[in-house]
Each structure stands twice: as structure tokens, then as C-alpha cells.
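To start, the structure itself, in C-alpha cells.
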Amino acid sequence: MKRLSIVALAAGAMALSLAGCGSDKSGEANGQKQAGTTTARTTTLASTTAAAPVVQPPADAPTSATVAKKTSAPAGAQTTCGDFRDLTDDAEKQVIDQILAAHPGSFLEGNANMALGTAKLACLASTYANMPVAVAIRVAPK
């Protein structure tokens, strides 16, 4: 008799566990229902908040004119970083080519793209504003 009750108890536990693992279509309906209530809450919150007014700058605020980039390349080897920053892309390439031609044997010789990237990065520093680009990228001595 004890064996029969243990077997019945084990069978009942197994049936309950399998019933809990089965596919239930009502779970999907509940998931959709919950998603719908979340959407409703979000819509309610969004409709209660007022749109912020657009802030206009004051009428007496200074307006800065944009500075046009220079298209002509100055003397390449003597170009300062301040002047280099104001050049267009083509003019910057011309300056770098002139610098590399004026300083043969430098570690950047034959690699104009690396020299251009180095010059752009070096000339971002305000401390190099009055320094020649050739010195800033270390192809010319100070």
C-alpha cells in the first residue's frame, strides 16, 4: 500500500510539472493585453505633457560671420598652423607637398597622407598657432 501511494504521488507531481511546461495560448493573449495597457499609459503620459515653446535668441545677440577658407596656398615651408587651419582641403594638400619637397629625407617623405593627417592634428593645438607646419609635424628643426 505504501508503494502505491508513493507511485501515485510521483505520478501526480510529474503530471503537474508537465502541465506547467505546456504551451498555453492564453499566455500570448495576456502578453498582448499587457502591451496594450503599456501603450495606453505611454499615450496618456505623452498627451498630458505640454510642448515646450521654441526659444529664440535675443535680438541684440552678436552674430558671427563664418570665415571663408582660403583657396590659395601660401609659401609651403613657411606656412604657420594658424594659416594652415584656414585653408581648403586642396590648399592643405599643396602646402604638405611643398613642405615634403622642401625637406627631403624626413620620416614622412613619400607619405603625404600621413603628413597631412599629422599636420591637421598638430595644428589643432592653440600653442602651435604661430609655429610653421613643418616644425609642428617634426620634419624641420625649430
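So how much slack lies between residue 13 and residue 111, counting 0.36 nm per residue of separation and subtracting their Cα-Cα distance, in nm?
Numbers: separation 98, 0.36 × 98 = 35.28 nm, distance 7.65 nm.
Stretched out fully, the residue 13 to residue 111 stretch lengthens by 27.6 nm.
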With a 10 Å radius around each residue's Cβ, average the other Cβ atoms per peptide and rank 110-118, 92-100, highest first. 92-100, 110-118
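Readers should treat all values here as calculations from the given coordinates under stated rules, not as data from a laboratory. Please read all numbers here as calculations on a predicted model, not as lab measurements. Positions of Cβ are generated from backbone atoms using ideal geometry, with glycine treated the same way; all protein chains shown enter the neighbour counts.
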